[in-house]
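Peer 1: There's a structure below that I have some questions on.
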Amino acid sequence: METKICTIDKENIDIEICKRAGQIIKDGGLVAFPTETVYGLGGDALNSESSTKIYAAKGRPSDNPLIVHIADIDSLYTIANNVSENALKLAKEFWPGPLTMIFEKKDIVPLETTGGMQTVAVRMPSDPIAMEFIKQAGGFVAAPSANLSGRPSPTMAKHVAEDMTGRIEMILDGGDVGIGLESTIIDLTSEKPMILRPGYITQKMLEDVLGVVEIDKTILDNTSKTPPKAPGMKYRHYAPKGELIIVEGTNDKVIDYINQALTEHKAKGEKTGVIGTEETVSKYCADVVENAGRREDEEVIAHRLFALLRDFDEKDVKHMYSESFTSDGVGQAIMNRLLKAAGHKVIRLE
Ligand code: TXA
Ligand code: MG
């Protein structure tokens, strides 16, 4: 299959291109498109065959449900039952934006889209290209992140092209995304609202609207025996091809430890990499040293993380070390993705 790449300007959206992309979805095909979080791999959410194609294109297990993207609030009532007061409060505050909410699904949503679940994840993205594309596609676009299963999510169209060329009909290239980490997922079908995946909308921001919000404990702790509530969170994910280890401790100890490990790998002729911060990058002796940003600029770190991980693969790095980040605020989402990328391999220096 030929994959057409169409460049589109956020500031001056070409409606004709969005119409063409929308028609591909209506005809049962697949189109990757930018959102404010990461690029999505879109298909018609109400067409079971489209969802099946999405799983095939990504190489994703079919028990891992897709998020349905909508462009207006009325569409929510077409696909979800029992939309609560809490949901409406969150929608008012954070939609359009990087928040996904879980509802009971209506029959119109095929089980292929929800990975066999009776619930449906819904999000209204704020990216203007995404908005126009969803409208032109008929209003209900199922879209996981547009990466091959297991790889870091795409934050640029070139990442999508790396993974999806030949597998989908079209890529809408709207440039670099704004946030760089996937949406926060909150389950509103449980007794107490619960975060299933941390993201840019933090626990504190949600609590300011709803009062107490719980967080699925399995997210930052791999020792838990219970599986995470979002099926996708159980899979190894975001992983670079080589081995990634997170090292925690004071700056001096972390730098010493990592440099020692790097020296040993280098002696064996193995290519090495480090994810450091503005404050520390000049101190590492790795072949590839990635600067995640200043330690306190969590939004910058979030924005760069997936691209850094892909860059290691491009440079064929075999052994990688990363500094650790705080797990408050957006840091919670950063550490969740980094821990998954590292397969939860963490060294804690006393
Ligand atoms: O920012 C985002 O959310 C991006 C962009 C494209 O919108 N999408 C995204 O989709 O990250 P994906 O498929 O890569 O991740 C969706 C996550 C998975 O972990 C999945 O298991 C969970 O959402 N999920 C979907 N439906 C669910 C449901 N009904 N109940 C619990 N978890 C669900
Ligand atoms: Mg994903």
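Throughout, read-outs are computed from the coordinates displayed, never taken from laboratory work. Only a predicted model underlies this, so the values are computations on that prediction, with no experimental measurement involved. For neighbour counting, all protein chains shown are included, and Cβ atoms are generated from backbone atoms with ideal geometry for every residue, glycine included.
Peer 1: Just the number: Rg to Rh for the chain, Cα atoms, Kirkwood Rh, two decimals.
Peer 2: Across the chain, the Cα-based Rg/Rh ratio is 0.98.
Peer 1: Of the GluC sites (Glu not before Pro) in segment 96-152, which ones lie in a loop per DSSP and count no more than 12 other C-beta atoms within 10 Å?
Peer 2: Details: sites: E104, E112, E132; in loops: E112.
Passing sites in segment 96-152 do not exist.
Peer 1: Plugging the Kirkwood radius over Cα pairs into Stokes-Einstein for segment 102-149, at a temperature of 10 °C and a viscosity of 1.306 mPa s, what D comes out in µm²/s?
Peer 2: On the way: Rh = 12.1 Å.
Translational D for this selection: 131 µm²/s.
Peer 1: Another question about this same structure. Given a cut-off of 16 Å, what percent of all Cα-Cα pairs of segment 181-302 lie beyond it?
Peer 2: Values: 5250 of 7381 pairs.
I get 71 percent for the Cα pairs in segment 181-302 exceeding 16 Å.
Peer 1: Please identify every one of the trypsin sites (Lys or Arg not before Pro) in segment 1-47 that sits in a loop by DSSP and has no more than 14 other beta carbons within 10 Å of its own beta carbon. Before the final figure, lay out each step's value.
Peer 2: Values: sites: K4, K10, K19, R20, K26; in loops: K10.
Answer by residue number: K10.
Peer 1: Please arrange C18, C285 by counting, for each residue, the other beta carbons lying within 10 Å of its beta carbon, fewest first.
Peer 2: Working: C18 24, C285 14.
In order of increasing Cβ crowding within 10 Å: C285, C18.
Peer 1: Could you list I79, I258 in order of exposure, starting from the residue whose Cβ has the fewest other Cβ atoms within 10 Å?
Peer 2: Working: I79 23, I258 26.
So the ranking, lowest neighbour count to highest, is I79, I258.
Peer 1: Near K204, which aspartates and glutamates are there with a Cα under 12 Å away, not counting those fewer than 8 places off in the same chain?
Peer 2: Cα-Cα hits under 12 Å: E214, D328.
Peer 1: If the reach is capped at under 19 angstrom between alpha carbons, list the aspartates and glutamates near K106, excluding any in the same chain fewer than eight residues apart.
Peer 2: By straight Cα distance, K106 reaches D44, E49, D63, D72, D74, E85, D187.
Peer 1: Can you tell me which aspartates and glutamates have their Cα less than 15 Å from the Cα of K271? Leave out same-chain residues fewer than eight positions away.
Peer 2: In chain and number order, the partners are E243, D287, E290, D311, D313, E314, D316.
Peer 1: Let me ask something else. Which entries of K253/K345; K241/K266; K105/K192; K4/K158; K4/K340 have Cα-Cα distances beyond 21 Å here? Walk me through the numbers on the way to the answer.
Peer 2: On the way: K253/K345 18 Å; K241/K266 18 Å; K105/K192 19 Å; K4/K158 13 Å; K4/K340 32 Å.
Violating the 21 Å limit, Cα to Cα: K4/K340.
Peer 1: Rounded to the nearest whole Å³, what is the per residue volume of the convex hull around the Cα atoms of segment 57-155? Write out the running numbers ahead of the final one.
Peer 2: On the way: hull volume 10.4 nm³, N = 99.
Residue-normalised Cα hull volume stands at 105 Å³.
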